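Undergrad: For reference, the structure I am asking about is given below.
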Amino acid sequence: MALNNDDRLASVDVIQQNFESRNYIANKQIATAVFLAYHLGKPVLIEGPPGVGKTELAKTTAEMLDLECVRLQCYEGLDESKAIYEWKYGKQLLYTQVLKETLNEVLQGAKGLSQSVEKLHEFGDIFFSNEFLEPRPLLKALRSDEGCVLLIDEVDKSDHEFESLLLEMLSDFQISIPEIGTIKANPDRKPLVFLTSNNTREISDALKRRCLHLYIPFPDGDLEKQIIHARVPEIADNLRNQLVNFVQELRELDLKKVPAISETIDWARTLILLHSETLDQDLVNQTLNVILKFQEDIESVEPELATLTNKALKDT
Amino acid sequence: MDQTLVEFVKTLRTAEIKVSPAETLDAMACIDKVGYEDREFLKNSLALVLSKTPEEKEAFDTCFENFFNFDHFEDNDFLHQDDDDNANDGDGDGDGDGDASGNSEEGGSGGGQGASGATPEDFPELTLQPQSELGQLLMSGDRNRLTVALVEAGREVGVTDIVVFTQKGLYTRKIMDAMGGKALGEEITELQGHAGIQQKMLSGTLKKHRDRLRDRVRDYVEKQFFLHADESGKQLREELLKKVKLSNIEKRNFKDVQEVVVKMAKKLISIHSKRRKAFKRGQLDIRKTLRKNMQYDGMFFDIKWKAQKVDRPKVMAICDVSGSVSNYSRFLLMFLYSLAEVLPKVRSFAFSSDLGEVTDLFEHSTLEDAMAKTMRDFGNGSTDYGQMLADFKSHCMNDVNNKTTVIILGDARNNYGDPKNEVLREIYDKCQRVIWLNPEPKMSWSVGDSEMKKYAAACHQVEVCNSLVHLERVVGNLLRNVS
């Protein structure tokens with residue numbers, strides 16, 4: 001397995017090809033990041049505007065390596081009990097009740113307080129042992145024997161505290177649980193960690209320091225055409241070029257939210273559904289809501305639709 | 001090789017890319033894996049390890065190009081130019097000589113054509129060797145050694161310490177001297193004094209080489225300047241800007257000041273955004289509660305809640321925008337708005353006599369615009385603090401509570417009008433803090449029409465504030481005092 005993965009990640013070119021065969025078009029930087037992440041054993045922090053394929057990268061990597069993808073979606077208020085582990089409180093309470101009833105049996109034959117206490121100590125810390133532990137994504141990722149791809153999605157949505165919580169995990173691939181001790185990842189099968197961020201707030205330096213930092217910008221025209229070709233192979237070349245040109249033009253405008261790759265892909269699918277063969281103004285007008293998600297944006301683009309469409313047609 | 005990386009990291013740091021020692025180690029591990037062979041691969045890899053924001057990536061790109069191009073370019077260029085020049089040298093000398101001899105021969109005898117044509121070949125070999133070390137080096141034409149000597153000389157005179165561009169000439173000379181330029185110069189002069197043709201020729205060649213070397217050194221210094229000084233010069237400027245009186249800052253520096261303010265604000269944000277206080281209601285934190293109450297025999301005695309609250313100060317800033325003080329208020333407002341992350345509730349007011357709220361204006365337009373509009377609407381008119389306080393009382397007194405901090409920025413020069421300090425006293429009683437920032441030095445507070453003495457009695461804190469450092473301290477204190 002390890003050998004296999006080493007092969008798959010032997011060089012940047014191999015990685016690029018492997019990604020391409022899974023319909024993910026990666027540029028050199030992205031492939032380099034995956035290459036280094038694997039060979040240096042470092043997490044990758046991926047930043048970039050929404051919809052450029054940050055999450056997809058992690059998923060595709062997991063698929064490529066035949067590993068499980070453990071995903072942790074971050075949000076405000078996420079804490080260790082949801083990210084790392086939780087005690088099974090219900091079970092603990094239940095066991096306490098049971099223990100109460102059987103206490104007499106347990107303590108039978110004990111003389112005096114000190115002996116009773118000794119007997120009770122023999123129970124050890126069963127309440128805080130592995131049986132009562134409910135593993136959450138991070139712990140799951142560490143414990144997986146096969147290795148896995150851990151995706152910590154939108155880490156910028158979580159709180160500062162949670163970031164600090166991640167540090168131990170990211171630098172040493174271990175987690176400390178006070179009652180049990182330190183749980184370490186299998187040193188030969190460390191999880192491959194991807195963190196994504198939309199840059200809604202600055203990620204702390206401590207976290208950044210521990211990661212490789214990959215910035216994925218919007219792709220240029222050629223790359224986007226390749227991506228559409230890979231994702232929506234049934235679309236005609238002609239239409240694809242027009243569509244990509246149009247979207248590239250849109251990105252130049254001052255919009256609240258510019259269309260991302262995912263929106264271009266959606267649009268391509270829409271146009272196929274509508275059996276259209278070429279872009280024209282009416283068609284664009286009717287389907288504009290697929291690529292623009294704000295009414296303001298649609299309104300600001302509408303007057304220039306004719307020019308934009310013509311330009312997109314002319315460039316191809 | 002490690003030395004190269006360390007120097008590269010140093011260059012990055014001057015370009016304001018924060019690289020920690022740990023990241024340098026990572027970069028080394030990365031280079032072990034990647035090697036120096038594939039330039040693009042190396043660049044991509046180092047960019048992943050060393051630069052951590054889009055801005056840093058951009059800076060990294062230029063740094064990488066400049067830094068790793070250097071040796072390569074230097075060698076190539078030198079070689080190229082040298083060959084070129086040699087060719088030119090040969091041509092020039094040959095021509096000159098040929099012409100001269102041709103002329104003389106034409107003057108002398110008509111049958112010398114063959115001899116004239118042969119003159120360049122007959123041109124006496126340069127057999128004399130220069131005495132000075134640098135001269136020998138130049139004549140040997142060993143580019144690598146020359147480059148090494150140049151870099152070493154550069155290191156010796158500390159060319160990386162170059163700060164401003166006017167130092168370029170100085171460092172060029174220093175490097176020339178360190179390479180032995182003086183000895184060479186003396187030799188050239190001495191050779192010129194000689195009558196022999198060999199000496200003359202040697203001095204000519206040496207001179208040419210020296211000039212070319214000087215160009216090269218200047219070039220080298222220039223590159224070093226771009227690598228090391230461009231940014232550290234900026235740092236120096238920023239340090240200065242922090243200390244200079246705000247009213248003396250010129251318009252062309254406003255952009256720099258803005259950068260400085262944003263940086264300072266960021267610092268304050270990172271210091272203060274983590275101040276948290278446990279909430280008293282909300283969702284029960286079972287985990288913490290159970291843990292905590294284990295010691296009370298499992299009785300839920302001490303209850304913990306999940307939510308935590310960041311207590312943020314509510315700030316009302318009142319700024320005098322009459323001519324003399326407007327520069328200060330501009331920067332105070334800039335500061336407050338840069339702190340939006342930790343200070344979400346800033347309301348700002350401007351006045352010279354009548355008070356007006358400018359919160360929206362500053363939130364929605366650029367600082368320049370906002371300032372201009374504020375000046376237009378409130379700027380003209382004589383200062384009247386009494387009127388301002390009365391207005392504040394009638395409009396905003398209801399919003400003032402024991403969590404509010406009121407910051408007043410002004411020189412308290414009231415044109416001998418009614419100061420109405422009893423209104424300030426009312427505010428004082430109602431709010432958490434009143435801070436008065438006065439750009440004038442303490443000396444002049446009781447002079448002329450200044451009412452500072454009266455107002456100071458109704459303030460929690462009175463500060464002289466006329467530079468960014470002062471402002472930073474005041475705002476930092478403001479954030480610290482809220483707990």
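Undergrad: Please list, in order along the range B:27-43, the HN-Hα scalar couplings obtained from phi with the Karplus expression 6.51 cos²θ - 1.76 cosθ + 1.60 (θ = phi - 60°), rounded to whole Hz, x for Gly and Pro.
TA: 4, 5, 4, 5, 5, 3, 6, 8, x, 9, 6, 8, 5, 5, 4, 4, 5
Undergrad: Averaged over peptide B:46-58, how many Cβ atoms belonging to another chain are found within 10 Å of each residue's Cβ?
TA: Numbers: counts 1, 7, 15, 6, 2, 3, 11, 7, 6, 0, 3, 6, 1.
Going residue by residue through B:46-58 and averaging, the value is 5.
Undergrad: Kindly put B:Y36, A:Y95 in sequence by how many other C-beta atoms sit within 10 Å of each C-beta, fewest to most. Intermediate values should be presented prior to the final figure.
TA: Details: B:Y36 12, A:Y95 15.
Going from sparsest to densest Cβ surroundings: B:Y36, A:Y95.
Undergrad: Another question about this same structure. If the cut-off is a Cα-Cα distance under 12 Å, which aspartates and glutamates reach B:K243, setting aside same-chain residues fewer than 8 apart in sequence?
TA: Filter leaves B:E472.
Undergrad: What does the C-alpha gyration tensor say about the overall shape of the range B:310-481? Classify as rounded when a/c is under 1.5, otherwise prolate if a/b is larger than b/c, or oblate.
TA: Values: a/c = 1.31, a/b = 1.14, b/c = 1.14.
In terms of gyration-tensor shape, rounded.
Undergrad: Under the 0.36 nm per residue contour assumption, what length would be gained going from the current alpha-carbon distance of A:D315 and A:K184 to full extension? Don't jump to the answer; show the numbers that get you there.
TA: Working: separation 131, 0.36 × 131 = 47.16 nm, distance 5.57 nm.
Fully extending the segment from A:D315 to A:K184 adds 41.6 nm.
Undergrad: What ranking, highest mean first, results for peptides B:150-160, B:38-48, B:407-417 when packing means the other Cβ atoms within 10 Å averaged over each residue?
TA: On the way: B:150-160: 17.5, B:38-48: 19.3, B:407-417: 20.9.
Highest mean packing first, the order is B:407-417, B:38-48, B:150-160.
Undergrad: Skipping prolines and chain starts, which residues have an amide H placed within reach, meaning under 5 Å, of the one on B:S348, given they are 5 or more residues away or on another chain?
TA: B:A317, B:V358, B:T359
Undergrad: Contact order normalised by length for chain A, with contacts defined as Cα pairs under 8 Å and 6 or more residues apart; what percent is it? Could the numbers behind the result be given before it?
TA: Numbers: 446 pairs, mean separation 70.4, N = 316.
Result for chain A is 22 percent.
Undergrad: Please report the antiparallel percentage of DSSP beta bridges with both residues in chain A, rounded to the nearest 5. Intermediate values should be presented prior to the final figure.
TA: On the way: 7 of 25 bridges.
Taking every DSSP beta bridge with both residues in chain A, the antiparallel ones total about 30 percent.
Undergrad: Using the basic label-point model (7 angstrom from Cα toward the beta carbon), what is the B:K453 to B:D142 distance in nanometres?
TA: Going by the 7 Å Cα→Cβ label model, 8.2 nm.
Undergrad: Explain nothing, just compute: Karplus ³J(HN,Hα) = 6.51 cos²θ - 1.76 cosθ + 1.60, θ = phi - 60°, for every residue of the range B:463-478 in order, whole Hz, x for Gly and Pro.
TA: Residue by residue, the range B:463-478 yields 9, 7, 8, 9, 9, 4, 4, 4, 4, 4, 5, 4, 5, x, 4, 4 Hz.
Undergrad: Grab the range B:310-481 and count how many Lys pairs have their alpha-carbon atoms under 12 Å apart, sequence gap of 8 or more, or different chains.
TA: Details: B:K314/B:K345; B:K314/B:K403; B:K345/B:K403; B:K393/B:K420; B:K393/B:K430; B:K403/B:K430; B:K420/B:K454; B:K442/B:K453.
Close lysine pairs found across the range B:310-481: 8.
Undergrad: Right, another one. Just to be sure I understand: of the beta bridges DSSP finds with both ends in the protein assembly as shown, what percent are antiparallel, rounded to 5? Don't skip to the end; give the middle numbers.
TA: On the way: 14 of 53 bridges.
Of all bridge pairs located within the protein assembly as shown, approximately 25 percent are antiparallel.
Undergrad: Tell me the label-point distance for the pair A:R22, A:D7, using the 7 Å Cα-to-Cβ offset, in nm and rounded to one decimal.
TA: 1.6 nm
Undergrad: Treating the angle as unsigned and between 0 and 90°, give the value, to the nearest 10°, between the Cα long axis of helix A:261-273 and the longest Cα principal axis of chain A.
TA: Between helix and principal axis, roughly 60 degrees.
Undergrad: On to the next question. Only residues of the range A:284-316 count here: report those whose backbone N is under 17 Å from the spot 7 Å along Cα→Cβ of A:T278, or say none.
TA: A:284-285, A:306-316
Undergrad: Which lysines does A:K100 reach when only Cα atoms under 27 Å apart count, and residues fewer than 8 places away in its own chain are ignored?
TA: A:K88, A:K91, A:K111, A:K119, B:K288, B:K292, B:K304
Undergrad: Evaluate the distance, in nm, between pseudo-label points positioned 7 Å from the Cα of A:E202 and of A:Q295 along their respective Cα→Cβ axes.
TA: Label-label distance for A:E202 and A:Q295, simple model: 3.7 nm.
Undergrad: Related question: Calculate for the protein assembly as shown the 222 nm mean residue ellipticity that helices alone would give, adding -39,500 (n - 2.57) per DSSP H run of length 4 or more and normalising by residue count, nearest 500 deg cm²/dmol.
TA: Working: 36 runs with 461 residues, N = 799.
Calculated mean residue ellipticity at 222 nm is -18000 deg cm²/dmol.
Undergrad: List the residues whose amide H sits under 5 Å from the amide H of A:V193, counting only those 5 or more places along or on another chain, with H placed 1.01 Å from N in the peptide plane.
TA: Correct list: A:V44, A:L150.
Undergrad: List the lysines whose alpha-carbon lies under 27 Å from that of B:K208, not counting same-chain residues fewer than 8 positions away?
TA: Answer for B:K208, where 27 Å is the Cα cut-off: B:K168, B:K174, B:K182, B:K200, B:K223, listed by chain and number.
Undergrad: Quote to one decimal, in nm, the extra length available between B:K255 and B:D418 on full extension: 0.36 nm per residue of separation minus the C-alpha distance between them. Could you put the intermediate results ahead of the total?
TA: Numbers: separation 163, 0.36 × 163 = 58.68 nm, distance 3.88 nm.
Contour length minus the Cα-Cα distance gives 54.8 nm.
Undergrad: Taking 0.36 nm per intervening residue step and subtracting the Cα-Cα distance, what contour gain separates A:A306 from A:L93 on full extension?
TA: Numbers: separation 213, 0.36 × 213 = 76.68 nm, distance 6.88 nm.
Here the segment from A:A306 to A:L93 would lengthen by 69.8 nm.
Since every read-out is calculated from the coordinates, none of them should be taken as a lab result. Since the model is a prediction, treat every value here as computed from it, not as a measurement. All Cβ positions, glycine included, derive from the backbone under ideal geometry; neighbour counts span all protein chains shown.
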